Amino acid sequence: MASREPQLCGDDLLAAVNQSMVALHERYYHRAPASAKTQMLGDEVLVCVMGGVYTAVEKTMIELQRATIVQETRSAFQEAMQQKFIGEVERLTGREVLVFISNQHVGPDIEVELFVLRDGE
């Protein structure tokens, strides 16, 4: 659950969340995404969009018309790891994450991490 300590805000928060999402991706996929950008949409929706996320093995599977397997594997992994992603956002924002949605797209190679946050005080 969210911390009561003073938290980052504005551009500092967006940069910290961006770094955290990139670090998690790098730790578990053994490579950083080619690009990443994090934005707040209103006061409750936080979104990180990463490009160039697929590994060499995944790219090969996609080229061999096996994109569905890559997407299913990534989705299963994200579901299993969701508490790590949620925990990072809660730690950085000091707010509870109500909803976490993670999805990826093939062509263009993009992954989206979306967090809906509980209203701030």
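Quick check: anything in the range 85-92 part of a helix (DSSP H, G or I) and either small (Gly, Ala, Ser) or free of Cβ contacts under 8 Å to residues at least 40 places away in the same chain (or both)? Yes. When the range 56-84 is filtered for residues that are open to solvent by 60 Å² or more (accessible area, probe 1.4 Å) and among the basic types (Lys, Arg), the ones remaining, listed by number, are Lys59, Arg66, Lys84.
Only one of the numbered conditions (1) in contact (Cβ under 8 Å) with a residue 40 or more places away in the chain; (2) open to solvent by 40 Å² or more (accessible area, probe 1.4 Å); (3) part of a loop (DSSP other than H, G, I, E, B); (4) closer than 20 Å to Ser75 by Cα is not met by Arg31, and that is (1). Inside the range 41-55, residues that are open to solvent by 10 Å² or more (accessible area, probe 1.4 Å) and under 8 Å from the mean Cα position of the chain (by Cα) make up a count of 2.
The values are calculated or read from the model by the stated rules, or taken from the named source; none is laboratory data. Please read these numbers as outputs of a predicted model, since none were measured by experiment. A quick note on method: Cβ atoms are made from the backbone with ideal geometry, for glycine too, and the neighbour counts reach across all protein chains shown. Areas reflect the complete protein model, heavy atoms only, side chains present, ligands, DNA and RNA absent. Shrake-Rupley method; radii C 1.70, N 1.55, O 1.52, S 1.80 Å.
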